1. Which residue is modelled with the lowest pLDDT, if the candidates are limited to the range A:47-101 and must be more than 9 Å from every other protein chain (Cβ to nearest Cβ) and not in a helix (DSSP H, G or I)?
2. Looking at the range A:75-105 only, could you name the residues that are of a type in the set (F, W, Y) and open to solvent by less than 30 Å² (accessible area, probe 1.4 Å)?
3. What is the number of the single condition among (1) touching a residue at least 12 places away in the same chain (Cβ under 8 Å); (2) basic (K, R); (3) farther than 30 Å from A:A17 by Cα that A:R123 does not meet?
4. Kindly list the number of the only condition in (1) facing chain A (nearest Cβ under 9 Å); (2) more than 26 Å from A:A46 (Cα to Cα); (3) of a type outside the set (V, I, T); (4) open to solvent by 100 Å² or more (accessible area, probe 1.4 Å) that fails for B:F9.
5. Answer yes or no as to whether A:F110 is within 12 Å of another protein chain (Cβ to nearest Cβ), within 22 Å of A:L42 (Cβ to Cβ) and either free of Cβ contacts under 8 Å to residues at least 40 places away in the same chain or not aliphatic (A, V, I, L, M) (or both).
6. If you scan the range A:238-261, which residues turn out to be open to solvent by 10 Å² or more (accessible area, probe 1.4 Å) and either over 30 Å from A:G147 (Cβ atoms) or among the β-branched types (V, I, T) (or both)?
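The values are calculated or read from the model by the stated rules, or taken from the named source; none is laboratory data. Quick caveat: nothing in here was measured; it's all calculated off a predicted structure. Using ideal geometry, Cβ is built from the backbone for each residue, glycine included, and neighbour counts are taken over all protein chains shown. With ligands, DNA and RNA removed, areas are computed over all heavy atoms of the protein, side chains included. Shrake-Rupley method; radii C 1.70, N 1.55, O 1.52, S 1.80 Å.
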Amino acid sequence: MEGSSLILAGINFPPIAEVLNWKPLAFGGTAYAFNKIGLLALLSTAITLGLFAIAGRRASLVPRGVQNLVESSVDFITNTVVLDVIGQAGLAWVPWLTGLFFFILFNNLFEVIPFIQMPATARTSVTIPLALIVYVTFIVVGVRSQGARKYFKSALVPEGVPVALLLLLVPIELLSTFIVRPFALAVRLFGNMLAGHLLLVTFAVISEALFVKSIALVVLPLPAAMLVALTGYEIFVAALQAFIFTILTAVYIGEALGGGH
Amino acid sequence: MLAAVSQSFNPILPSAGEIIWSVLSFAILLVVLAKFAFPPVAAMMNKRSERIREDLEAAEQARREALALKAQREEELAGARMEAQRIVEDARLLAEQMKGEIVARGHQEIEASKAQNEALLAAERGRVVLELRAELAGLAIELSSRILAHELERSEVDPLVEAFLAEADAGSR
């Protein structure tokens with residue numbers, strides 16, 4: 001009884017602000033304060049551009065190393081995301097979607113990188129702007145490729161439905177396409193990454209507490225093993241969420257281009 | 001202090017600074033990627049696809065050429081075989097013809113040689129007859145002389161012998 005209270009006393013969960021609210025590194029006190037999240041976003045941009053620069057500069061007919069990695073990713077985006085979802089008309093979107101995929105992937109992966117251990121996408125400051133960019137993009141694409149009238153009609157009024165049902169369906173379509181979509185995109189990514197981040201923090205804190213209170217070292221392997229397993233799982237989640245965000249964006253753009261329904 | 005921070009901080013609400021920097025990062029990424037970083041990679045991938053397509057086409061072309069060449073070789077081989085047969089047949093016919101000619105010429109030569117030998121034989125026989133005649137005349141004279149025991153003169157006997165031999169000669173023809 002005394003031991004367990006000792007352990008509980010040793011578990012010192014940090015307040016949520018301590019694992020999410022980063023102090024400004026520069027421009028503190030201004031609207032454009034630059035903190036760890038901004039640094040990670042810039043870092044993911046730099047890593048992505050760096051990989052492409054290496055792949056492009058050392059390009060050989062038989063790809064190896066970084067070139068192979070980058071080309072495989074581009075190939076994956078081209079075939080699995082663009083051609084399968086949008087078709088030939090979407091090939092112009094490959095660079096855009098590749099950039100989106102890598103940006104989200106690296107911002108997610110920072111969750112498990114030692115000494116960084118913070119996914120930038122666990123902040124709505126990153127996911128809401130991304131979702132809004134996608135939102136504006138697919139609406140602009142729809143209006144430009146089909147014309148405003150035809151685009152909004154095709155998006156809101158399903159074909160072959162009795163007029164009476166339209167009273168019900170149009171508001172639903174309006175809600176699902178123009179309101180829920182950006183919200184869902186932003187919240188899905190943010191929620192997954194925040195949950196993963198908090199899980200890792202939790203098990204790290206428990207492991208640390210057990211290690212410090214050496215009396216309970218016997219059960220230390222359990223949360224420590226869980227921490228290792230969750231780290232692996234979070235790597236999978238990082239890739240999966242980047243893929244989901246990218247493929248949903250492709251679906252929306254494909255619909256806007258006129259291939260939907 | 002920490003409690004105060006956590007109360008004022010809402011983990012769901014975005015912060016202006018983070019929005020600005022993340023949008024800026026993403027904008028830089030898209031612009032630089034689309035303008036500079038992506039094209040070389042895409043160009044290399046297209047080049048590789050093009051190269052593979054060209055290689056496949058070249059292989060197909062080479063295969064077709066090889067097949068055509070094989071057909072041509074087989075045709076030439078069949079032609080050459082027929083030509084060889086024709087040459088052998090011609091040679092056989094020529095050999096037959098030459099054999100006939102050589103045999104005929106041999107026969108002719110044999111005939112000619114036979115006639116020549118016969119002529120030589122006849123001439124030799126004439127010469128022998130003449131020699132025999134002279135010899136016989138001598139022998140007859142000798143014989144007659146011995147028979148007559150020198151009773152007759154040679155000058156008287158010769159015309160008789162000549163006449164006798166002439167008669168004998170006429171009789172032998």
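1. A:R58
2. A:F101, A:F102, A:F103
3. (3)
4. (4) is the only condition that B:F9 fails.
5. The answer is no for A:F110.
6. Of everything in the range A:238-261, those that are open to solvent by 10 Å² or more (accessible area, probe 1.4 Å) and either over 30 Å from A:G147 (Cβ atoms) or among the β-branched types (V, I, T) (or both) turn out to be A:A239, A:L240, A:Q241, A:F243, A:I244, A:I247, A:V251.
Residue-by-condition table, conditions (1) more than 7 Å from chain A (Cβ to nearest Cβ); (2) part of a helix (DSSP H, G or I); (3) within 26 Å of A:R64 (Cβ to Cβ):
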| position | (1), (2), (3) |
| --- | --- |
| B:I19 | no, yes, no |
| B:S22 | no, yes, no |
| B:L29 | no, yes, yes |
| B:V32 | no, yes, yes |
| B:A43 | yes, yes, yes |
| B:S49 | yes, yes, yes |
| B:I52 | yes, yes, yes |
| B:D55 | yes, yes, yes |
| B:E60 | yes, yes, no |
